[in-house]
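**Student:** My structure is below; once you've seen it, I'll send some questions.
Computed from the coordinates by the stated procedures, all read-outs in this text should not be read as laboratory data. Predicted, not measured: the structure shown is a model, and the values here were computed from it. Glycine gets a Cβ as well: all are built from the backbone with ideal geometry, and neighbour counts include every protein chain shown.
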Amino acid sequence: MTRMLLAALFFGLTVLQSASPAVAQQTSTLGAFEIQEITFTGGEYKDEPFRYLVLAPEGGYESGEKYPLIFFLHGAGERGNDPKKLLPHFPTQMAKPEWRKKFPCVVVVPQCRDGKQWVNAPWGDKTSTPLADKPSDNLQMAIAILETSIKTLPVDKDRVYLTGLSMGGYGSWELAMRRPELFAAVAPVCGGGDDTQAAKLKDIPIWAAHGDADRVVWPVRSRTMCEAITKAGGNIKYTEYTGVGHNSWTQFYADAQGVVPWMLEQKRKPD
């Protein structure tokens, strides 16, 4: 069988909870970030390139070193096909020189297409939507980017972390449920998940946050998830900000003694 035919068969496969990416290619830079690209073959996207951001440790990668990786899922306002839209909030914070120096790690940021969601569930519901049989096309794309990053970057596989805000909070809960073996810690912000699946997360350290005055994503969504994980015997921290509306992420991420160093202290448990 020729190499060309093998490649065609490989990229034509649809893999549950994943997708078949091409080798990531760097296309340009955006400030401190590299813009990289993969080709995604799942769902409605036919060999369509997806660009994403990668932030390397300050000074680049040292030979022989392995670095922790933080995988960030953005909110609804950053959707599209323009990596510049990904910069606000957590990526900009992590790119500050003082943060790069204090927390040497890799940050990877995929981008959800306009009008799509990481999780196909209503954000304003007070009760959870059952976990779908397979991830949305855009979450499959995100999984492909994460898997590619782990394989191609000098990443410590025992120190891979997941966080996201709002729409990305939903994505963080679901991605952790679908691929719990990948993560050393998860930090969903003002999101929600299927609380009936909470037992899948009981072995992962989790720190969730929400504002008690949030009326975009009701705080009961985080409370219910935390209660279900605790009931299942999980290890979870929960911060609820009094009088804070939907933007609970700014203060949650901005504490240099808070969630970022907490994530980086965690290591994946052996199987």
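**Student:** If you average the sequence gap of Cα pairs under 8 Å that are 6 or more apart and divide by the length of the range 19-265, what percent do you get for the contact order?
**Tutor:** On the way: 541 pairs, mean separation 42.0, N = 247.
Relative contact order, the range 19-265: 17 percent.
**Student:** For the chain, what is the mean residue ellipticity at 222 nm derived from helices alone (per DSSP H run of n ≥ 4: -39500 (n - 2.57); sum divided by total residues; nearest 500 deg cm²/dmol)? Write out the running numbers ahead of the final one.
**Tutor:** Working: 8 runs with 75 residues, N = 271.
Computed mean residue ellipticity for the chain: -8000 deg cm²/dmol.
**Student:** Who wins for biggest fluctuation among Thr242, Thr196, Thr127 in a Gaussian network model of the chain, springs between alpha carbons below 10 Å?
**Tutor:** Result for the chain, Cα springs under 10 Å: Thr242 fluctuates most.
**Student:** A follow-up question, please. In whole angstrom, note down how far apart the Cα centers of the range 56-94 and the range 118-134 are.
**Tutor:** Here the answer is 26 Å between Cα centres.
**Student:** If you take log10 I(q)/I(0) by the Debye sum over Cα atoms at q = 0.14, 0.17 Å⁻¹ from the coordinates, which of (i) -0.95, -1.42; (ii) -1.14, -1.34; (iii) -0.93, -1.21 do you get?
**Tutor:** (i)
**Student:** What does the net charge come to around Trp118 if you take all other residues with beta carbon closer than 14 Å to its beta carbon, with K and R at +1 and D and E at -1?
**Tutor:** Details: positive: Arg79, Arg113, Lys116, Lys134, Arg178, Arg179; negative: Glu78, Asp114, Asp137, Glu174, Asp194.
After counting each charged neighbour, the total is +1.
**Student:** Right, something else. For the chain, give the share of DSSP beta bridges that are antiparallel, in percent and rounded to the nearest 5; count only bridges with both residues there.
**Tutor:** Working: 15 of 37 bridges.
The antiparallel proportion sits near 40 percent.
**Student:** How large is ³J(HN,Hα) for each residue in the range 143-160, as worked out from phi by the Karplus curve 6.51 cos²θ - 1.76 cosθ + 1.60 (θ = phi - 60°), to whole Hz, x for Gly and Pro?
**Tutor:** Going residue by residue, I get 4, 4, 5, 4, 4, 5, 5, 5, 6, 9, 9, x, 9, 7, 5, 8, 9, 10 Hz, with x marking Gly and Pro.
**Student:** A further question on this structure: Under the rule of at least 5 residues apart or a separate chain, name every residue whose amide H is placed under 5 Å from the amide H of Val106.
**Tutor:** Leu69, Ile70
**Student:** Continuing with the same structure: For the range 217-228, what does the Karplus curve 6.51 cos²θ - 1.76 cosθ + 1.60, with θ = phi - 60°, yield as ³J(HN,Hα) per residue in whole Hz, taken in order and with x for Gly and Pro?
**Tutor:** With the stated coefficients, the range 217-228 comes to 10, 5, x, 4, 5, 6, 4, 5, 4, 5, 4, 5 Hz.
**Student:** Moving on to the next point. List Arg113, Arg51 from most exposed to least, where exposure is judged by having the fewest other Cβ atoms within 10 Å.
**Tutor:** Working: Arg113 16, Arg51 19.
Ranking Arg113, Arg51 by Cβ neighbours within 10 Å, fewest first, gives Arg113, Arg51.
**Student:** Identify, among His74, Pro110, Gly233, the residue whose Cα sits farthest towards the positive end of the charge dipole of the chain, taking +1 on the Cβ of Lys and Arg and -1 on the Cβ of Asp and Glu, with the dipole about the Cα centre.
**Tutor:** Checking the options against the dipole of the chain, the answer is Gly233.
**Student:** Skipping prolines and chain starts, which residues have an amide H placed within reach, meaning under 5 Å, of the one on Ser136, given they are 5 or more residues away or on another chain?
**Tutor:** Asn120
**Student:** Tell me, how many Å apart are the Cα centres for the range 227-243 and for the range 201-223?
**Tutor:** After rounding, the separation between the Cα centres reads 7 Å.
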